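Below: one structure, written as structure tokens.
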Amino acid sequence: MSDAITAEGLVKRYGEVTALDGLSFAVPQGTVLALLGPNGAGKTTTVRVLTTLLRPDGGRATVAGCDVVGDARRLRSSIGLSGQYAAVDEHLTGAENLEMIGRLYHLGARRSKARARELLERFDLTDAADRPVKGYSGGMRRRIDLAGALVADPPVLFLDEPTTGLDPRARAALWDAISELVAAGSTLLLTTQYMEEADHLADQIMVVDHGRAIARGTADELKDQIGGNRIELTVTDAAELETARQTLARFAVGAVRTVPESLQITAPVTDGPESLRQVLGLLADAGVRVRDAGLRRPTLDDVYLTLTGHQASGTDPQAREAAR
Amino acid sequence: MNALTMPIADGWTIARRNTLKIRRSPDLLGSAIMFPIVFVLMFAYVFGSVIDVPGMSYREFLLPGIFVQAVIMSAQITGYTLTLDLQKGIFDRFRSLPMAPSGVLIGQTVSDLLMNLASLVVMAVMGLIVGWRVHTSPYEAVLGFGLLLLFAYAFSWFTAAVALALRTPESFNNIATMLSFPLMFISNAFLDSSALPTPLRVVAEWNPVSTITQAVRDLFGNTSTAMKTSDAWPLHHAIPAALLWIAVILVVFIPLATRLYKKAVSA
């Protein structure tokens, strides 16, 4: 299988700031790579370089066999891009937006029109097709934007944080749409701040930090590295914190984190439900009163904490919240 | 599609988009259609009742000036909408498509030309109502409107360059107002410039707005032999001078706007 996207030692600097610091990766045809990282990690810069919006300062990259610098025009006929903010015209209706994009892909007037209707139906926007995008909800805007990326049925797709800022229902709907695309054989590069999203959609995940890859692998490989679920305990008395910590440490597959102010202890474990059952049994035997106990999936914060030893400082609170 | 037809086809697609946009933005439509109407009425009845120009009615003298002024105002829509688009992600979309990059600015200026055409029609009708007439042949009348549209198109490229250098709608509006008011008023558009004090008179004589206005007056026959004619070359040979101004504006500002566009969107 050949690679639809290749990047070798990509470098991009903005004055003093190095946005990309020698990033290299390849995305085989028909697979999905998720770039996972907080704001400012270099995810969007990577997408902008690969979609020819930005010239790299160093390194080289190809998409669908075209060089991002030397063969930009031809490259653009093979890609679809959906950005972080919906790049559609607010004053135009959904149908007019998609038709315009079709014409700019040079599909011709008739095919552009037909394709617009087809996509509106597919993304459940038929009722809103002839209303200006101005009146669309956040989820509808993302859907019309995603539809825009698909107008020419391009073999390689770039989705830059497609669900950031969406409510859980709209996010689930968008995930379904993206999963369908992937099943149909598109190559996809996706950026996200949500571990869960990467897990759900991607074949391979690359964790980026300060323009460098700090980990890569399948979701399972990454989870083995950072631990699967987290057990989170809250005790009632500060005096019991140490006992609880020691008990939890016996099951932990990584660092145990203690937050004394909130009497909270967190640790990654492998077999979540079973570990939680045993931990609670042992704590009950030891007479430790547990106020709250639960399992949760690793967040981007956990990934970062495990891989870099520091918090993902750029992560926006909303994204952190949503990933829980 | 080849290198020649693609910018035209893509420009047309963008122009269609802008035309739809303008139709749905009452504020833009208002400034292009309502302003000229208000100005015709205001100048014709307020200034017209106190200002005398020798040998002809002030309204006949005024209308070509109002035409030029309206064209300058609505050409600013090019710059304004570009700054609005810059704030959004739409240029990223355009740049990720296999379209001709020049299509964006071509489309923008062409749609504003269409809008200027509409606004000129409204004004000509208003003019006829308040007593303005064309005293030359229909052929020259057509040339007069053609010259106005050419100037409108060139001026759109100028406002595009200014907008792409400034990049925000607020700063564009401020600078555009600051530039266009002296341009319109230190000219012969509303007054007989030969009556101005010398420094202002010299500025007015060499102001491109005066040249265009004079050329349009010549073509419509809105002139009077009783009026003192200026010795300044651009007013004496207004039609070739107007064409020269238009050519210079296009030659300077098309490449400049194109370069500024590339810089503004790749930041």
For the stretch A:35-61, which positions are among the polar types (S, T, N, Q), within 11 Å of chain B (Cβ to nearest Cβ) and assigned to a helix (DSSP H, G or I)?
A:44
Could you count how many residues in the stretch B:48-73 are modelled with pLDDT of 85 or more, part of a helix (DSSP H, G or I) and out of contact with any strand residue (DSSP E or B) (no Cβ under 8 Å at 6 or more places or on another chain)?
15
Which one of B:213, B:177 is over 20 Å from residue B:145 (Cα atoms), within 17 Å of the chain's Cα centre (by Cα) and in a helix (DSSP H, G or I)?
B:177
If you check every pair at least six apart or on different chains, which have Cβ atoms under 7 Å apart with a residue in the stretch B:248-267 that is more than 14 Å from chain A (Cβ to nearest Cβ) first and a residue that is surrounded by fewer than 17 Cβ atoms within 10 Å (Cβ to Cβ) and not polar (S, T, N, Q) second?
B:260/B:165
Flagged in the stretch A:2-34 as crowded, with 16+ Cβ neighbours inside 10 Å, of a type in the set (S, T, N, Q) and not in a loop (DSSP other than H, G, I, E, B), in numbering order, are A:6, A:18
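For the condition surrounded by 22 or more Cβ atoms within 10 Å (Cβ to Cβ) and not polar (S, T, N, Q), what is the one hit in A:149, A:170?
A:149
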Evaluation of residue A:211 against (1) touching an Asp or Glu at 6+ places or on another chain (Cβ under 6 Å); (2) surrounded by fewer than 22 Cβ atoms within 10 Å (Cβ to Cβ); (3) not β-branched (Val, Ile, Thr) (one fails), failing number
(2)
Single residue of the stretch B:103-144 satisfying the filter (surrounded by fewer than 18 Cβ atoms within 10 Å (Cβ to Cβ) and in a loop (DSSP other than H, G, I, E, B)) that is modelled with the lowest pLDDT
B:131
Tell me, please, whether a residue that is more than 19 Å from residue A:28 (Cα to Cα) and not in a helix (DSSP H, G or I) can be found in the stretch A:170-191.
no
Got a sec? Which helices (runs of 4 or more DSSP H) wholly within the stretch A:62-165 have at least 1 residues that are of a type in the set (A, V, I, L, M, F, W, C) and more than 12 Å from chain B (Cβ to nearest Cβ)?
A:109-122, A:138-150
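The values are calculated or read from the model by the stated rules, or taken from the named source; none is laboratory data. The structure displayed is predicted, hence computed values, not measured ones. All Cβ positions, even for glycine, are placed from backbone atoms using ideal geometry, and neighbour counts span all protein chains on display.
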